Amino acid sequence: MKKIALIGSLSLALAYGFTTIQQADNCDKKAITTSLKKALDPFKYDSQKFTKVNFTKKTQQLEVEVPVFIGEKYRLVFNTSGLPKPIAISIYTKDKESKKREAIYTNKNVKNGEMEIVFDAPRVRKMFIDYDVPLDSTATPSNRISGCVAFMVGYK
């Protein structure tokens, strides 16, 4: 009987702990998805991706590959409202290991505080999205901030 009570209370404590961790990243997926779909219009929905971002004591670069079909026009819409700090977003034609990659977009010219970015892509075979995450000098294992960035792809 004591074992069952101990296992039950331990399970509840773990479930509560993981729920608290999940809520700390400020990522309201339903609201972000609704916002992205509005900005995607008149393009047809193809896919979307949420990427969790953990700010640590060192800079990071996260890369996401976006396969596309030749001959289609594509629109990418980003939403960074789930992030506590701004990050740099760049789009390339090849992955970060390639020496011949070309930058086709960067958000460095976007106004501060703008949470939604719309990019109509040129005709390419693949796109690679790089998120450049700045360091957080106050980060500790017990006090780490995180969030999410999302993008949606549409075609015409």
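Each reported figure results from applying straightforward, stated rules to the coordinates on display, with no laboratory input. None of the values given here were measured: they were computed from a predicted structure. Using ideal geometry, Cβ is built from the backbone for each residue, glycine included, and neighbour counts are taken over all protein chains shown.
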Seminar exercise, completed: Quick note on Val64, Val77, ordering by fewest other C-beta atoms within 10 Å, gives Val64, Val77
For this session: Take peptides 121-134, 50-63, 92-105 and line them up by average Cβ neighbours within 10 Å, highest first, as a rough protection proxy.
Result: 121-134, 50-63, 92-105
